[in-house]
Amino acid sequence: MSNAAQTHDMRSAGPESTPAATAVPSTPSSERQGPGQAGSGHAITLTTPIKRADIEDIRIGDVIFLDGHITTCRDVAHRRLIEYGRELPVNIREGAILHAGPIIRVVDEEHDKFEVVAVGPTTSMRMEKFEEEFIERTGVRLIVGKGGMGPGTEAGCRKYGALHCVFPAGNAVIAATAVEEVEDAQWRDLGMPETLWTFRVKHFGPLIVSIDAHGNNLFEQQKRLYNERKEQALTELYQKVRYIK
């Protein structure tokens, strides 16, 4: 496709686009954990376009694999949209973004043919100050990155219906194997890491849900649990080593 700014519609995922969410294995919603509790960790396949109803029963700790389309979108793209008011040249409504700066090999520059060498996630927290408004303005459903995010993203996911997921770090080459084709490249003036690369993917994952559509945050819950256990462990330890003091 041309490098000129144009809208690439992620919502056209072909015949594989239905159903949008498939649990493997499926778990009745009556057996799922309630709001605020971690999910069962079972695998779910989501296919773009993703409706809000497709993610309502997904909980933090669940594992997702993505079919369809995902667009890399990191620091500068967020700033252009939120701070400078420039509309994204890619339609990500009901779609997915990846906080990442991939390594791309040019196969045919004239015909915009590319190959993904590696696509590892970058730290999502850098996008935290933009993410709530970003979700509102773009209608994105699935955000993938590295590490947790904060209260702004929690609010955005809760109010507008989205998920933040973590792709395990150190697996950039493995992630690239799930990319079937690079379908579009926008804002190439930003350089390879910041370009908006749109990938058609199959079984892209595992993606661990860190913030669900109810605003529950796996990282924050685990942090609280750790601190509770730490205090108990330290109390017991101090009893054993009190002779040192």
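The values are calculated or read from the model by the stated rules, or taken from the named source; none is laboratory data. Note that the structure is predicted; figures quoted are calculated from it, not measured. With ideal geometry, Cβ positions are generated from the backbone for all residues, glycine too; neighbour counts draw on all protein chains shown.
A few notes on this one:
- Qualifying positions in region 65-82 - touching a helix residue (DSSP H, G or I) at 6+ places or on another chain (Cβ under 9 Å) and among the hydrophobic types (A, V, I, L, M, F, W, C): CYS73, VAL76, ALA77, LEU81, ILE82
- Residues that are among the polar types (S, T, N, Q) and within 15 Å of the chain's Cα centre (by Cα) within region 191-215 comprise THR198, SER210, listed in sequence order.
- Positions within region 196-205 being over 21 Å from VAL76 (Cα atoms) and either buried (at least 18 other Cβ atoms within 10 Å of the Cβ) or among the polar types (S, T, N, Q) (or both), in sequence order: ARG200, VAL201, PHE204, GLY205
- Enumeration of residues in region 186-214 that are over 30 Å from VAL117 (Cβ atoms) and out of contact with any Pro (no Cβ under 9 Å at 6 or more places or on another chain): ALA213
- Residues that are surrounded by fewer than 21 Cβ atoms within 10 Å (Cβ to Cβ), at pLDDT 95 or above and out of contact with any helix residue (DSSP H, G or I) (no Cβ under 9 Å at 6 or more places or on another chain), drawn from region 157-171: ARG158
- Across region 216-229, the qualifying residues are those that are surrounded by 17 or more Cβ atoms within 10 Å (Cβ to Cβ) and not hydrophobic (A, V, I, L, M, F, W, C), and the one among them that is farthest from GLY150 (Cα to Cα) is ASN216.
- Residues in region 182-195 that are in contact with a strand residue (DSSP E or B) (Cβ under 9 Å, 6 or more places away or on another chain) and either surrounded by 15 or more Cβ atoms within 10 Å (Cβ to Cβ) or part of a loop (DSSP other than H, G, I, E, B) (or both): VAL182, GLU183, ASP184, ALA185, GLN186, TRP187, LEU190, MET192, PRO193, GLU194, THR195.
- Meeting the requirement of 3 or more residues that are under 22 Å from ALA175 (Cβ atoms) and in contact (Cβ under 8 Å) with a residue 40 or more places away in the chain, the strands (runs of 3 or more DSSP E) wholly within region 43-142 are 43-47, 63-72, 96-98, 113-118.
- All positions within region 143-156 that are surrounded by 24 or more Cβ atoms within 10 Å (Cβ to Cβ), not small (Gly, Ala, Ser) and not in a helix (DSSP H, G or I): ILE143, VAL144, MET149
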